[in-house]
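**Q** Below are the structure tokens for one structure; questions will follow.
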Amino acid sequence: MLNPESINFEIELLASHHDKAAFSCGNERLDRYLHTIATQDKKRNIAIPYVISDKDRQKIIGYYTLSMSGINLEELPQNLAKKIPRYPIVGVNLIGRLAVSNDYRGYGWGKLLIMDALHRSLRISKATASFAVVVEAIDAEAVKFYQRFDFQAFTDREFKLFRTMSNIEKAFDTKP
Ligand SMILES: CC(C)(COP(=O)(O)OP(=O)(O)OC[C@H]1O[C@@H](n2cnc3c(N)ncnc32)[C@H](O)[C@@H]1OP(=O)(O)O)[C@@H](O)C(=O)NCCC(=O)NCCS
């Protein structure tokens, strides 16, 4: 089986020992990003790529990128925007890209990537405040995937979604 319980995997920063060229998720833009741009983005501090790798098969199972970004309050639904001071820009964490290799799809790796990205963002937000985690979905199918994890669309932006940090914190709160 190729599920997380049966595979010897590691979540780490993208590094030179990862076989980027062999990665294929079926979306050309997300493949090309990992093959040719992700390492440059990391070097230039534009976005940090994290990968889950299958250590025994030496394959990249999936990846996501994290960076800081900002949103205008007008982008948020009114009921939420009115609870926030009227600063021009509010800081957020951005999951710019996320993909699972075709070979590993449907086994729970996408969920693991999202959960790792949310938890990492929550930890970062304790040092550098962040109102929400924002995602840029690549297409309508990807929107459905993110909605499955409680992301909601911005006003007038079908493919840009967010989940507030307070909501994420509640989800990870394991206190009784
Ligand atoms: C979307 C993608 C990341 C899902 O990865 P995956 O490993 O197959 O997903 P998982 O097996 O972890 O599925 C987790 C849950 O999401 C659901 N799900 C998976 N793909 C979905 C989709 N396209 N639409 C709605 N729900 C989806 C699963 O049914 C599962 O639900 P469950 O927990 O209720 O059983 C993967 O198909 C992919 O890389 N697609 C191409 C690139 C892409 O669309 N990236 C996303 C955003 S840019």
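The values are calculated or read from the model by the stated rules, or taken from the named source; none is laboratory data. These numbers were taken from a predicted model, which means no experiment stands behind them. Glycine also receives a Cβ, built like all others from the backbone with ideal geometry; neighbour counts cover every protein chain displayed. Heads up: the accessible areas ignore ligands, DNA and RNA and are worked out on the full protein's heavy atoms, side chains in. Shrake-Rupley method; radii C 1.70, N 1.55, O 1.52, S 1.80 Å.
**Q** Take R97 and decide whether it is assigned to a helix (DSSP H, G or I), out of contact with any His (no Cβ under 9 Å at 6 or more places or on another chain) and at pLDDT 95 or above.
**A** Considered against the rule, which asks whether it is assigned to a helix (DSSP H, G or I), out of contact with any His (no Cβ under 9 Å at 6 or more places or on another chain) and at pLDDT 95 or above, R97 comes out as no.
**Q** Take the conditions out of contact with any Phe, Trp or Tyr (no Cβ under 7 Å at 6 or more places or on another chain), farther than 19 Å from G26 by Cβ and surrounded by fewer than 21 Cβ atoms within 10 Å (Cβ to Cβ) and apply them to R148. Does it pass? I'd like the intermediate steps shown before the answer.
**A** Numbers: out of contact with any Phe, Trp or Tyr (no Cβ under 7 Å at 6 or more places or on another chain): yes; farther than 19 Å from G26 by Cβ: no; surrounded by fewer than 21 Cβ atoms within 10 Å (Cβ to Cβ): yes.
The answer is no for R148.
**Q** A follow-up question, please. Only one residue in S24, S69 is open to solvent by 30 Å² or more (accessible area, probe 1.4 Å), under 26 Å from D139 (Cα atoms) and not in a strand (DSSP E or B), so which one is that? Outline the logic, then answer.
**A** Values: S69 fails: not in a strand (DSSP E or B).
The conditions single out S24.
**Q** Further, regarding this structure: Given (1) assigned to a loop (DSSP other than H, G, I, E, B); (2) within 13 Å of the ligand (Cβ to nearest atom); (3) more than 24 Å from K111 (Cβ to Cβ), identify the lone condition not met by S16.
**A** For S16, the failing item is (2).
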